[in-house]
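Read the structure below first, then the notes.
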């Protein structure tokens, strides 16, 4: 790799890594898997680093690839595990004995489950928006859809999530 | 910028309760893994799979040369048609035919040439050929020129 490409790769890494990690982590709900997917996505980026005119284009492509890898992993997991296994093994460790912590973990698990139950087209917009802190324009670039479509999906995702959480008493 | 449903702040706050990864720690771990993967891949990458940058003019030149060679080569293999086999007398002057003839069949070639109605024929002999002078040189008119085969029995008699 030429030194220019290496510098460009490093710039993309520094710029995109936090966003990619947060988005992927929210989809797969596992630190190890999220880091593995980030690694794979950046290696893919490295293989075609000379195709991107600027950091933004590379970042959007990277987020698209990372998001797809994460959803593929999540889909495989859903097929392989029963609902009980998913809920019990998901995410962060539960319970240190304090009631407040237990309650917080239960709420978090409930929110995570509600996010997972969203249709993929709504879920990806919600995750990119809420956990990637990306603008609607950036999400539109990543998903290759219109900004208006992003707004509609974001609204529907939040409305559906709120309804589900209200029904389950989380809100 | 975002459209918020009712009670949207509560929802946003709830979404933020989910545990987030430690970005700084993960950044270092993933970076070192990427470096390890890339360095391993660079070493094991077969040379014939590597991309090589070639200047466009060089590619164009190579394509031109190969194309020209292909045309020249293929023209030698094209089947001859009746039209191309027939050579008009006017065009015979421009015809350049190379025929390699064994020395023992030189007489046959001369006989054949005598039978053809083709104007001037130039025979290019090998550069390395050496000939002995036989008899006396004479001047003849082109129309009177008749090439007769040499009787092998007469060779060296003078």
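The values are calculated or read from the model by the stated rules, or taken from the named source; none is laboratory data. For clarity, every value in this text was computed on a predicted model and none was experimentally measured. Please note: Cβ atoms are built from the backbone with ideal geometry, for glycine as well, and neighbour counts cover all protein chains shown.
Here are some notes:
- Residue under evaluation residue A:133, criteria (1) at positive phi; (2) surrounded by 22 or more Cβ atoms within 10 Å (Cβ to Cβ), criterion not met: (2)
- Of all residues in segment A:153-170, those that are surrounded by fewer than 18 Cβ atoms within 10 Å (Cβ to Cβ) and either at the interface with chain B (Cβ under 8 Å from one of its Cβ atoms) or outside any helix (DSSP H, G or I) (or both) total 4.
- Within the option set B:95, B:15, being surrounded by 10 or more Cβ atoms within 10 Å (Cβ to Cβ) and at pLDDT 80 or above holds for one residue only, B:15.
- Whichever residue in segment B:13-30 is more than 7 Å from every other protein chain (Cβ to nearest Cβ) and part of a helix (DSSP H, G or I) and, among such residues, is nearest to residue A:46 (Cα to Cα): B:28
- Filter result for residue A:12 (at the interface with another protein chain (Cβ under 8 Å from one of its Cβ atoms), in contact with a helix residue (DSSP H, G or I) (Cβ under 7 Å, 6 or more places away or on another chain), within 29 Å of residue B:53 (Cα to Cα) and assigned to a helix (DSSP H, G or I)): no
- From the list A:98, A:108, the lone residue that is surrounded by 18 or more Cβ atoms within 10 Å (Cβ to Cβ), modelled with pLDDT under 90 and out of contact with any helix residue (DSSP H, G or I) (no Cβ under 8 Å at 6 or more places or on another chain) is A:108.
- Here residue A:124 does not fit the description of being surrounded by fewer than 21 Cβ atoms within 10 Å (Cβ to Cβ) and modelled with pLDDT of 90 or more.
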